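> Handing you this structure, nothing more for now.
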Amino acid sequence: MSSGLRRNGLMRRMMFLLVLFVFSAPSVRAADVEVDLELVLAVDVSRSMSIEELAIQRRGYAEALTSPQVVAAITGGMLGRVAVTYVEWAGEYSQQVLVPWRLLSDEADAAAMADEIRSATTLACGAPRSPV
(Lines give C-alpha, C1' and ligand atoms only; values in the text may rest on other atoms or scores of the structure.)
Protein backbone atom coordinates (compact mmCIF):
# COMPACT_ATOMS: atom_id res chain seq x y z
CA MET A 1 0.00 0.00 0.00
CA SER A 2 1.40 3.41 -0.86
CA SER A 3 2.32 5.85 1.87
CA GLY A 4 -0.28 8.35 0.64
CA LEU A 5 -3.13 5.83 0.70
CA ARG A 6 -2.08 4.58 4.13
CA ARG A 7 -1.95 8.14 5.46
CA ASN A 8 -5.35 8.93 3.89
CA GLY A 9 -6.88 5.87 5.56
CA LEU A 10 -5.34 6.84 8.89
CA MET A 11 -6.73 10.36 8.59
CA ARG A 12 -10.23 9.01 7.89
CA ARG A 13 -10.06 6.75 10.95
CA MET A 14 -8.79 9.62 13.11
CA MET A 15 -11.53 11.97 11.92
CA PHE A 16 -14.21 9.33 12.52
CA LEU A 17 -12.94 8.68 16.05
CA LEU A 18 -12.64 12.39 16.78
CA VAL A 19 -16.25 12.95 15.76
CA LEU A 20 -17.29 9.91 17.77
CA PHE A 21 -15.45 11.13 20.88
CA VAL A 22 -16.76 14.68 20.59
CA PHE A 23 -20.40 13.72 20.13
CA SER A 24 -20.47 10.83 22.61
CA ALA A 25 -18.43 12.41 25.40
CA PRO A 26 -20.23 14.11 28.26
CA SER A 27 -20.06 17.87 28.30
CA VAL A 28 -16.75 19.12 29.67
CA ARG A 29 -16.59 22.13 31.90
CA ALA A 30 -13.37 23.76 33.07
CA ALA A 31 -14.40 25.59 36.23
CA ASP A 32 -17.63 26.66 34.49
CA VAL A 33 -15.68 28.53 31.82
CA GLU A 34 -17.40 28.75 28.45
CA VAL A 35 -15.16 28.00 25.47
CA ASP A 36 -15.34 28.33 21.70
CA LEU A 37 -14.46 24.67 21.18
CA GLU A 38 -13.92 21.44 23.14
CA LEU A 39 -11.37 19.42 21.17
CA VAL A 40 -10.34 15.81 21.77
CA LEU A 41 -7.07 14.96 20.04
CA ALA A 42 -7.48 11.18 19.74
CA VAL A 43 -4.16 9.84 18.47
CA ASP A 44 -3.60 6.32 17.08
CA VAL A 45 -0.65 4.56 18.73
CA SER A 46 -1.54 1.03 17.61
CA ARG A 47 0.94 -1.64 16.64
CA SER A 48 0.50 -0.71 12.97
CA MET A 49 2.79 2.26 13.67
CA SER A 50 6.52 2.11 14.24
CA ILE A 51 8.18 3.83 17.21
CA GLU A 52 9.60 6.40 14.77
CA GLU A 53 6.13 7.13 13.35
CA LEU A 54 4.75 7.52 16.85
CA ALA A 55 7.49 10.02 17.75
CA ILE A 56 6.93 12.00 14.55
CA GLN A 57 3.19 12.05 15.21
CA ARG A 58 3.59 13.31 18.77
CA ARG A 59 6.08 15.98 17.68
CA GLY A 60 3.69 17.03 14.91
CA TYR A 61 0.81 17.59 17.32
CA ALA A 62 3.06 19.57 19.66
CA GLU A 63 4.37 21.73 16.81
CA ALA A 64 0.88 22.25 15.39
CA LEU A 65 -0.42 23.56 18.72
CA THR A 66 2.16 26.35 18.70
CA SER A 67 1.87 27.25 15.01
CA PRO A 68 0.75 30.84 14.33
CA GLN A 69 -2.35 29.56 12.50
CA VAL A 70 -3.53 27.42 15.43
CA VAL A 71 -2.77 30.13 18.01
CA ALA A 72 -4.74 32.58 15.84
CA ALA A 73 -7.65 30.12 15.74
CA ILE A 74 -7.51 29.66 19.53
CA THR A 75 -7.52 33.40 20.24
CA GLY A 76 -9.70 34.46 17.31
CA GLY A 77 -12.96 32.87 18.39
CA MET A 78 -15.81 34.75 19.98
CA LEU A 79 -14.55 33.87 23.48
CA GLY A 80 -10.85 33.52 22.62
CA ARG A 81 -10.33 30.20 24.37
CA VAL A 82 -10.67 26.48 23.72
CA ALA A 83 -10.54 23.33 25.84
CA VAL A 84 -8.25 20.56 24.56
CA THR A 85 -7.30 17.07 25.70
CA TYR A 86 -4.78 14.66 24.12
CA VAL A 87 -5.62 10.94 24.19
CA GLU A 88 -3.51 8.12 22.77
CA TRP A 89 -5.36 4.94 21.83
CA ALA A 90 -4.47 1.56 20.41
CA GLY A 91 -7.80 -0.23 20.47
CA GLU A 92 -11.11 -0.61 22.22
CA TYR A 93 -9.50 -1.39 25.58
CA SER A 94 -6.30 0.57 25.22
CA GLN A 95 -6.59 4.32 25.67
CA GLN A 96 -4.63 6.71 27.80
CA VAL A 97 -5.25 10.38 28.48
CA LEU A 98 -1.78 11.80 27.98
CA VAL A 99 -2.79 15.42 28.64
CA PRO A 100 -6.04 15.98 30.57
CA TRP A 101 -8.36 18.84 29.63
CA ARG A 102 -6.53 22.15 29.33
CA LEU A 103 -7.92 25.61 28.77
CA LEU A 104 -5.93 27.35 26.01
CA SER A 105 -6.38 31.09 25.55
CA ASP A 106 -3.02 32.29 24.30
CA GLU A 107 0.34 31.26 22.87
CA ALA A 108 1.78 30.50 26.33
CA ASP A 109 -1.06 28.06 27.10
CA ALA A 110 -0.55 26.34 23.73
CA ALA A 111 3.22 26.12 24.33
CA ALA A 112 2.69 24.63 27.80
CA MET A 113 0.41 21.92 26.39
CA ALA A 114 2.87 21.25 23.56
CA ASP A 115 5.62 20.80 26.16
CA GLU A 116 3.42 18.30 28.05
CA ILE A 117 2.91 16.30 24.87
CA ARG A 118 6.64 16.35 24.04
CA SER A 119 7.84 15.43 27.52
CA ALA A 120 5.27 12.79 28.45
CA THR A 121 6.24 9.18 28.79
CA THR A 122 3.48 6.70 28.26
CA LEU A 123 2.86 3.09 27.41
CA ALA A 124 2.26 2.85 23.70
CA CYS A 125 1.49 -0.62 22.35
CA GLY A 126 2.69 -2.11 25.63
CA ALA A 127 6.21 -0.64 25.42
CA PRO A 128 7.59 2.27 27.47
CA ARG A 129 8.08 5.42 25.43
CA SER A 130 10.63 8.10 26.11
CA PRO A 131 9.96 11.82 25.61
CA VAL A 132 10.23 13.07 22.03
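The values are calculated or read from the model by the stated rules, or taken from the named source; none is laboratory data. Keep in mind that what you see is a predicted model, and the values were worked out from it rather than measured. Neighbour counts run over all protein chains shown; Cβ positions are idealised from the backbone, glycine included. Each accessible area value is taken on the protein alone, full model and side chains, heavy atoms only, with ligands, DNA and RNA left out. Shrake-Rupley method; radii C 1.70, N 1.55, O 1.52, S 1.80 Å.
> Rank by packing, highest mean first: peptides 50-62, 82-94, with packing defined as the count of other Cβ atoms within 10 Å averaged across residues. Before the final figure, lay out the partial values.
Working: 50-62: 15.3, 82-94: 17.2.
So the peptides 50-62, 82-94, ranked by packing, come out 82-94, 50-62.
> Using θ = phi - 60° and the Karplus relation 6.51 cos²θ - 1.76 cosθ + 1.60, list the HN-Hα couplings for region 63-78 in order, rounded to whole Hz, with x at every Gly or Pro.
Computed from phi, the couplings for region 63-78 are 5, 4, 4, 9, 5, x, 5, 6, 4, 5, 5, 4, 8, x, x, 4 Hz.
> Hey, what do the phi angles of region 80-85 turn into as Karplus ³J(HN,Hα) couplings, whole Hz, using 6.51/-1.76/1.60 and θ = phi - 60°, x for Gly and Pro?
Per residue, the Karplus-derived 3J(HN,Hα) values read x, 7, 9, 10, 9, 10 Hz.
> Amide H neighbours of residue 42 under 5 Å, counting only residues 5+ apart in sequence or on other chains, H built in-plane at 1.01 Å?
87
> Which percent of the accessible area of region 41-81 is formed by carbon and sulfur heavy atoms (probe 1.4 angstrom)? Numbers along the way, then the final one.
On the way: 1340 of 2180 Å².
C and S atoms contribute 62 percent here.
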